[in-house]
Amino acid sequence: MANIKLPGLIDPHVHLREPGAIQKEDFQTGTKAAIAGGFTMILDMPNNPIATISPQALQEKIKLAKDRIFCDVGFHFGASKESIQYFPKIKNKVWGLKVYMNLTTGDLLMEDDKILESVFSSWPKNPPAGGPIIVHAEGDTLGKAIALAKKFGNQLHVAHVSLKREIEQIKVVKREGMNITCEVTPHHLFLSEEDLGRLGPYGMMKPPLESKDNQAALWQALIDGTIDMIGSDHAPHTKEEKQGEKPVYGVPGLETTLPLLLTAVNDGRLTIERMIELTYTNPRKVFDLPEQKDTFVEVDLGESYVIEENNLQTKCGWSPFTGMKVKGKVKKVVLRGQLIFDGQNIFGPYGQIL
Ligand code: DOR
Ligand code: ZN
């Protein structure tokens, strides 16, 4: 037995789907998945069918989540032409502003330069109020996001980097001293376009799986510090939706992220110290998140198992990592002194809204 203790991990990028898409996930199932995966704090994205782009929509989420969450949950606000007016009102209730600059699930795409300028210029510049601007900016769009954040002096966080050229761009502006951070998903680290034939729709997400070359650049950036954190981009869809005519983008990730990272630790690709920076220290610092007292996760570094659909808490009931053998298992999670996961059973709900 090689049990080690980790802090309660933080996932800054989760789609809990409630309200509006609870066939995919809800506050209960999503936060149970978080706990089973060693995350005691997660931040929820705004691209629900009725998007989190008004104080009412934010209030509705808070109301629905209350007394039903098994880990602590904070919310990101969504940028839209209409939501700019609400920034002063909601800035102290959210942890970041999500700006969708490429097409993906939901209808929050923003392409109009004038409106984008207005979003970047209006978001509070003095963190902790509001937190960073988080951009979904793939490929060419990243340059536009960087230019806007430079022009208006925003703290910028780049979601799910997946390309070598994005890494290179971020490295340059980091060197110049820009206030910029970025995250990578476990699916871009552990899967590539070579898995697409096998996975079919279950391997489709935005940004898409990439070449081995790009994947290698992500691993290098993970080690050299260019990448600041892991964001699971837990984006569940039902099997029916995945197999339907219309493609839906996104994969679940809350329960597989830590075992995959521990496997990398076991393989000597990552140190446990660096893993803690990527899944706790840096997300906490970048989003200025509060401390969770007497909170920890115990993992058995030596225990191997195969990822199976039947053992998942997420409502969607599948994983792109099904069948994969991992080494490193979550054995226990304690939140504020209370046992909330014993390796099998989840207890609660004891989560709080952040
Ligand atoms: O694959 C994705 N799924 N990428 C996104 O940006 C959104 C997400 C979702 O909400 O389904
Ligand atoms: Zn996402």
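Of all the residues that make up the range 41-76, how many are modelled with pLDDT of 95 or more, assigned to a loop (DSSP other than H, G, I, E, B) and in contact with a helix residue (DSSP H, G or I) (Cβ under 7 Å, 6 or more places away or on another chain)?
Count: 7.
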* In the range 77-90, how many residues are in a loop (DSSP other than H, G, I, E, B) and either among the aliphatic types (A, V, I, L, M) or open to solvent by 10 Å² or more (accessible area, probe 1.4 Å) (or both)? -> 4
* Asked: Does the range 245-261 contain any residue that is at pLDDT below 95, open to solvent by 10 Å² or more (accessible area, probe 1.4 Å) and within 16 Å of ligand 1 (Cβ to nearest atom)?
  -> yes
* Just give me the residues in the range 13-28 being of a type in the set (Val, Ile, Thr) and surrounded by fewer than 24 Cβ atoms within 10 Å (Cβ to Cβ), in sequence order. => ILE22
* Report yes if PHE70 is more than 27 Å from VAL333 (Cα to Cα) and open to solvent by less than 20 Å² (accessible area, probe 1.4 Å), otherwise no. => no
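The values are calculated or read from the model by the stated rules, or taken from the named source; none is laboratory data. Since we're looking at a predicted model, the values are computed, not measured. Glycine also receives a Cβ, built like all others from the backbone with ideal geometry; neighbour counts cover every protein chain displayed. Accessible surface is based on the protein model in full, side chains and every heavy atom, while ligands, DNA and RNA are left aside. Shrake-Rupley method; radii C 1.70, N 1.55, O 1.52, S 1.80 Å.
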